[in-house]
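Working notes for the structure below.
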Amino acid sequence: MWRIAVVIACCFGLPRVGRADDGTLLSDDTWRYRPGGDLAVNAGLAFGFPAALPTGLATGLGAGVSVGQGLAWGARAAWVSATESSLAWTVTHSDLQLRVTGAVNRAAGRGTLGLRLGLGGTLVHESRLRNQGMRAGLTGSDLESSAYKMLPAADLDAIVALHVAGPWLLVTSGGPSLDVLDGKLRAGWNAQLGVAWQP
Amino acid sequence: MKRAVVVLALAGCGDLSGFGGAVPPLATVRAEVAGDFAAVRLPGKAPALRVALVWGAQWLTEPLCIRPPDDASAAAAIAAGCRDPFGFVPARVAVDAPLEADGSATLSLFDLPGADVMVGDVTARVAYASVVVYDDLDGNGTLSLGQPNRLNGRELGPPDTAPPAADTVYAASFVTMTEPDTRLAFREGAFNLGAAFYPRSGCGDPLPSFSLVSAGGFSAAEAIAAQLRGELPKEPPGTCREETTDAPVALTYRRPAELHEVACEELRTDSSIRYREPPSDQPDMTRRTMACAKIPDFGTGTASGTIQLVVSGRSDDACIGLTHYVLRGCRNDPMCALPQWDITATPPTWWPCPVSAVGQ
C-alpha cells in the first residue's frame, strides 16, 4: 500500500513539463566525414567455401583488428560452419579461421579501398553422422564421429570501407583463399559484410 | 600460451574424412548353409550360388483359394494355381552376396527397408526378410523375382505377361509360417501384434531396429481354428527366439520344388482379382488345369451363381497363379453394373462353362 502512495506522491509532488531532450543522438556532425585513427576493429557476417568440404556454403561470424592506415597489420578470426549430406553421411564442418594480416589501404572520398593478405591456419572440426544410423540402432563410431585438423591457409581480400557515421564504417571484403589439405592445395573464397569502428 | 600451442598441435593430428572413408553397414547378416547340395541340385551348368536378403510383402490370397472348392475340377485348379496362403511373398531384394566355398555369406545392409515393405504406422511398424540361397542362372548378380504365367484376355488393357522366375532357389530361412522359420526383422517404434503381419503369436516382440526372430511354425488347421476363434495362431512353445544380428542365420539345402514360391512376387497383394474377357480363339491350355467355378461371394448372394473359368499356370512354371475368365464383367469386378464386356449371348466356341449363372 505504501508503494502506491509513493508513486502517487511522485506523480503529483514532482510535476515536470515535458520537453525534447537537448542531447540529440543525431546531428549534422554525425554524418560529417572525419578520418579515423590507426586502430580499427571490425566484425560482421562471414561467408565462404568450406576449408575441407568439397561442397557447400559456410556461414558464420568474423572479426578483426588492425593497426595502421596506409600500411596496416592486424589479426582476424572467423568461425563459419557448413552442413552437407551424401547418401551415407551428414557432415558438418566448423572452420575457425585464424589469420595474421597485413593490408595496404588507400582513402578515396568517404571510403577506403584496401588489399589484405592473411596468413595463418584454419582449425576444422568435423562431425559426421551416419544417415539412418539411429533408426538402424547403430551406436558409437559407426553412428557418428568427429575430428579436428589444423590446415595452413592464406587469404587475399579486397576491402571496401565506407565511413557512415562518426567512427563507424560499413565494411565489406572478399577474395580467394587457399588451404592445404592432405598435402594438396585447395582453393576457395571468403567474404565478410560488417561494420568497423575506427576512433 | 604453451597450452594453446599443445592444443593446436594435437588438433592438427586429426583426420578429416568428409564424405569419404568406409561406410559402416546399417546391419550385417551372416548366413551359414548346410546340407547336401548335390542331392538337391538340378541338372545343368555349374551353379553360381548366391545369397539374397528379400523383404516380404503383405499379401492376401484370393477368395477362391481359401473357399471350399465347388467340385473336384475346381479343387484341382486351386491346387495347381493357388500359392500357399501362409507362405512368404517377396517384395524386394535388398542385398545380395556370393556364397563362399565354406557355405557362408555376409550380407551387409546399407539401406533401411522402405515404407512400402513395412507394416504399421510410424509409431509401430515392422518389416520381415527371408535369407535366400539361389543359383544365379541368369547371371545378373541378384535374385530375379518371377511372376505367375497368366493367360491373356481379349484386347482390354495390356497383356499380363510376366517374366518367369529365372533363378533357382535352394534354401530359404523363411518359406512359410507353417514351417520353422528365421527372419530378419526391422522394427521401428512399438510392436503391434494385431497388425498380423506374418504373425508370431506367442513369441516375444522383435528387438528394436534389426534383429533375427525365429518361430516353430503352426499348422494350417491350427491357423484356421484360431481364425474362427478370432485369434492369431500360436507358435509352439519353446520355438521362439529373438536375438541380435550377431547370430548367424542357419539354412539347409532343399529341393527347389519346395521353395520356388519364395522367388515369386505378386502384382496384386490385396486379394483382388483381374478378370479377363475370354479371347475368341482358345488359349493354349497345354499343361494347364482349368475349372468352371462359381465366383465366391461368401454367402452374400451378390455373385448370383455367376460362373468363371479359372485356369492355372503351366505345371512346369516356377510361379503359380490363376487366370480368371468371365463372359460378362469388368476388370476388377465381374458383377459390375456397367460391364466392360458382355459376350454371354455370343460366347467363344471353346468356352467350356455354363453361359448362365447356376443355382447356389
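Descriptive notes on the structure:
- B:P296 being closer than 22 Å to B:C65 by Cβ and either crowded, with 21+ Cβ neighbours inside 10 Å or β-branched (V, I, T) (or both): no
- Qualifying residue in region B:147-155 (condition: under 24 Å from B:V51 (Cβ atoms), touching a Pro at 6+ places or on another chain (Cβ under 7 Å) and at pLDDT below 95): yes
- Scanning region A:91-103 for residues that are over 18 Å from A:L39 (Cα atoms) and either of a type outside the set (S, T, N, Q) or facing chain B (nearest Cβ under 10 Å) (or both) returns A:V91, A:H93, A:D95, A:L96, A:L98.
- Only one of A:S177, A:S146, A:S141 that is surrounded by fewer than 21 Cβ atoms within 10 Å (Cβ to Cβ) and under 15 Å from A:L53 (Cβ atoms): A:S146
- Within region B:218-228, the only residue that satisfies the criterion of being part of a loop (DSSP other than H, G, I, E, B) and either more than 12 Å from B:S201 (Cβ to Cβ) or open to solvent by 50 Å² or more (accessible area, probe 1.4 Å) (or both) is B:S219.
- Flag if B:V326 is crowded, with 21+ Cβ neighbours inside 10 Å, under 21 Å from B:A72 (Cβ atoms) and either free of Cβ contacts under 8 Å to residues at least 12 places away in the same chain or hydrophobic (A, V, I, L, M, F, W, C) (or both): no
- One residue alone among B:E266, B:E261 is at pLDDT 90 or above, part of a loop (DSSP other than H, G, I, E, B), at negative phi and among the charged types (D, E, K, R), and that residue is B:E266.
- Test: residue in region B:42-57 that is at pLDDT 95 or above and within 13 Å of another protein chain (Cβ to nearest Cβ): no
- Any hit, region B:227-243, residues being within 14 Å of another protein chain (Cβ to nearest Cβ), closer than 15 Å to B:T182 by Cα and without any contact (Cβ under 8 Å) to a residue 24 or more places away in the chain: no
- A:A82 fulfils the conditions (1) away from chain B (no Cβ under 14 Å); (2) closer than 15 Å to A:G188 by Cβ; (3) small (G, A, S) except for a single criterion, (1).
- In region A:36-60, the residues that are within 14 Å of another protein chain (Cβ to nearest Cβ) and on the phi < 0 side of the Ramachandran plot reach residues that are among the aromatic types (F, W, Y) and open to solvent by 20 Å² or more (accessible area, probe 1.4 Å) with C-beta atoms within less than 8 angstrom, at least six apart or across chains, in these pairs: A:F49/A:W189; A:P54/B:F19; A:A58/A:F47; A:A58/A:F49.
- Output for region B:14-32, where each listed residue is facing chain A (nearest Cβ under 9 Å) and among the polar types (S, T, N, Q): B:S17
- Residue within region B:196-212 that is farther than 18 Å from B:W59 by Cβ, more than 14 Å from chain A (Cβ to nearest Cβ), of a type in the set (F, W, Y) and within 23 Å of the chain's Cα centre (by Cα) present: no
- Qualifying residue in region A:104-121 (condition: within 14 Å of chain B (Cβ to nearest Cβ) and either open to solvent by 10 Å² or more (accessible area, probe 1.4 Å) or in contact with a helix residue (DSSP H, G or I) (Cβ under 8 Å, 6 or more places away or on another chain) (or both)): yes
- Verdict on B:P354 being open to solvent by 50 Å² or more (accessible area, probe 1.4 Å) and either in contact (Cβ under 8 Å) with a residue 12 or more places away in the chain or within 28 Å of B:P85 (Cα to Cα) (or both): yes
- Any hit, region B:236-252, residues being part of a loop (DSSP other than H, G, I, E, B) and touching a Cys at 6+ places or on another chain (Cβ under 6 Å): yes
Yes or no, residue by residue, for (1) assigned to a strand (DSSP E or B); (2) acidic (D, E); (3) in contact with a Phe, Trp or Tyr (Cβ under 9 Å, 6 or more places away or on another chain); (4) crowded, with 16+ Cβ neighbours inside 10 Å:
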{"position": "B:T182", "(1), (2), (3), (4)": "yes, no, yes, yes"}
{"position": "B:A185", "(1), (2), (3), (4)": "yes, no, yes, yes"}
{"position": "B:E188", "(1), (2), (3), (4)": "yes, yes, no, yes"}
{"position": "B:D205", "(1), (2), (3), (4)": "no, yes, yes, yes"}
{"position": "B:F210", "(1), (2), (3), (4)": "yes, no, yes, yes"}
{"position": "B:G230", "(1), (2), (3), (4)": "no, no, no, no"}
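- Of all residues making up region A:122-140, the number that are more than 8 Å from every other protein chain (Cβ to nearest Cβ), out of contact with any Ser or Thr (no Cβ under 7 Å at 6 or more places or on another chain) and free of Cβ contacts under 8 Å to residues at least 60 places away in the same chain: 3
- Helices (runs of 4 or more DSSP H) enclosed by region B:29-139 - at least 2 residues per element that are surrounded by 17 or more Cβ atoms within 10 Å (Cβ to Cβ) and in contact with a Cys (Cβ under 8 Å, 6 or more places away or on another chain): B:63-66, B:72-81
- Check on B:L193, at pLDDT 95 or above, of a type in the set (A, V, I, L, M) and surrounded by 15 or more Cβ atoms within 10 Å (Cβ to Cβ): no
The values are calculated or read from the model by the stated rules, or taken from the named source; none is laboratory data. Worth saying up front: this structure is predicted, and the values here are computed from it rather than measured. Neighbour counts are summed over all protein chains in view; Cβ atoms, including those assigned to glycine, are modelled from backbone coordinates with ideal geometry. Ligands, DNA and RNA are stripped out before the accessible areas are found, and what is left, the full protein with its side chains, is counted by its heavy atoms. Shrake-Rupley method; radii C 1.70, N 1.55, O 1.52, S 1.80 Å.
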